[in-house]
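Report on one structure; see the data block that follows.
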Amino acid sequence: MSESTARPPALTSVTDAAWARLHPVAQQSIAADMAVGRPNAHLLAVVDARARGAAELSGVGSPMVGEVVEEVLRWDGAHVNVRRYEPIDTDPRSAAPVIVFVHGGNWLLGSLDSADVAMRRLCLATAATVISVDYRLAPEHRFPAALDDVLIALRAVSDRYPNRRLVVAGDSAGGNLATVAAISLRDSGESLIDHQLLIYPVTTCDLTIGFDMSYEGISLYRDEMQWGQDHYLPGASFADNPLVSPLNADLAGLPSVTMVLAECDPITPQGVLYANALRSAGVEVNVRTFEHMFHGFFGLDTLIPEAAAAMEWIAQSL
């Protein structure tokens, strides 16, 4: 790794030892934001946070895949917009799965565009068809609207590709929606999903057990997580709902899991707790925590070459 940057004094909860574990590229980005007083997303109005996220995408290079198609998936009178990525030189006999991916963003932010580069890289690495879901965002659409949209996509994709393995995937809040969709389908007796790919997933609303304050401010703040919950949930009583906090769910009989965690991510405890709970319920789990990485590193292969190792490991796991 390149030379380390001094820890900004404003990161009061982060020790020098913890900061030293963080990848230098992330150190430099965080230090630069703090030097200019750039407020974090949860200190902005939701509309402004979304606009800033969209502006940050300008100039990001997109690797070429075989095909990118905007589509509308329909199921039982409902519909959801998606973006489908096909690999280069697809072999119709290929054993590669179809991956339905749910982007992150604290249930409030993110879009097909914000996930685009990562989806292209996932498509190329796995040789899979990747379908990115444009689910409805809070606070305009609170729980369970986003989950309903993911279920529409999964049912429609399963119907379209009956002879291919179906993987439900997502990062952060998208990982939350991916795994609660698997729970919902199991509960309704629908055996559609073959595997789950969960990338630093949100698995509990209980931040006393699901947030490591020693990494407070490394991509995420505790108040930021609470901000997402407050906008996503119809009321505080929903925080314990198993389809919001899957750590509270009966996990027996769920599809097997590949889980990617980041060493310097304050919500890594949520992933660890969930992996342990899945194993205790008899679910096969393949989990790896990537050293020096942080919340949001997935897909940043060109900015952080070490992130490419995660994509390669995902491809091997699938």
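Any idea which of Pro139, Pro63, Pro144 is surrounded by fewer than 20 Cβ atoms within 10 Å (Cβ to Cβ) and farther than 27 Å from Ile183 by Cα? Please lay out each step first, then the result.
Values: Pro139 fails: farther than 27 Å from Ile183 by Cα; Pro144 fails: farther than 27 Å from Ile183 by Cα.
Being surrounded by fewer than 20 Cβ atoms within 10 Å (Cβ to Cβ) and farther than 27 Å from Ile183 by Cα holds for just one of Pro139, Pro63, Pro144, which is Pro63.
Residue pairs whose Cβ atoms lie under 6 Å apart, separated by 6 or more positions or on different chains, with the first residue in region 290-312 and exposed (fewer than 15 other Cβ atoms within 10 Å of the Cβ) and the second modelled with pLDDT of 95 or more, are Glu291/Glu263. Working carefully through the options Ser111, Ser158, find the one that is within 18 Å of Val180 (Cβ to Cβ) and either within 16 Å of the chain's Cα centre (by Cα) or surrounded by 14 or more Cβ atoms within 10 Å (Cβ to Cβ) (or both). Result: Ser158 is the single residue among Ser111, Ser158 that is within 18 Å of Val180 (Cβ to Cβ) and either within 16 Å of the chain's Cα centre (by Cα) or surrounded by 14 or more Cβ atoms within 10 Å (Cβ to Cβ) (or both).
In summary, Pro201 fulfils each of the numbered conditions (1) of a type outside the set (A, V, I, L, M); (2) touching a residue at least 24 places away in the same chain (Cβ under 8 Å); (3) surrounded by fewer than 23 Cβ atoms within 10 Å (Cβ to Cβ); (4) more than 25 Å from Glu70 (Cβ to Cβ) with the single exception of condition (3). Filtered by the rule that a residue be closer than 30 Å to Leu43 by Cβ and hydroxyl-bearing (Ser, Thr, Tyr), region 160-218 gives Ser172, Thr179, Tyr200, Thr203, Thr204, Thr208, Ser214, Tyr215. Listed by position, the helices (runs of 4 or more DSSP H) contained in region 164-247 that have at least 3 residues being out of contact with any helix residue (DSSP H, G or I) (no Cβ under 6 Å at 6 or more places or on another chain) and farther than 20 Å from Leu273 by Cα are 173-187, 222-232. Tell me, yes or no, whether region 265-279 has at least one residue that is surrounded by fewer than 17 Cβ atoms within 10 Å (Cβ to Cβ), in a helix (DSSP H, G or I), in contact with a strand residue (DSSP E or B) (Cβ under 6 Å, 6 or more places away or on another chain) and at pLDDT 95 or above. Yes, because at least one residue in region 265-279 is surrounded by fewer than 17 Cβ atoms within 10 Å (Cβ to Cβ), in a helix (DSSP H, G or I), in contact with a strand residue (DSSP E or B) (Cβ under 6 Å, 6 or more places away or on another chain) and at pLDDT 95 or above. Of all residues in region 1-58, those that are touching a Ser or Thr at 6+ places or on another chain (Cβ under 8 Å) and assigned to a loop (DSSP other than H, G, I, E, B) total 4.
Just checking, which of Ala315, Ala249, Ala275 is under 19 Å from Thr126 (Cβ atoms) and among the small types (Gly, Ala, Ser)? Full working, then the answer.
Values: Ala249 fails: under 19 Å from Thr126 (Cβ atoms); Ala275 fails: under 19 Å from Thr126 (Cβ atoms).
Among Ala315, Ala249, Ala275, only Ala315 is under 19 Å from Thr126 (Cβ atoms) and among the small types (Gly, Ala, Ser).
The values are calculated or read from the model by the stated rules, or taken from the named source; none is laboratory data. Values in this document were obtained by computation on a predicted structure and should not be read as measured data. Every residue, glycine among them, receives a Cβ derived from its backbone with ideal geometry; neighbour counts consider all protein chains shown.
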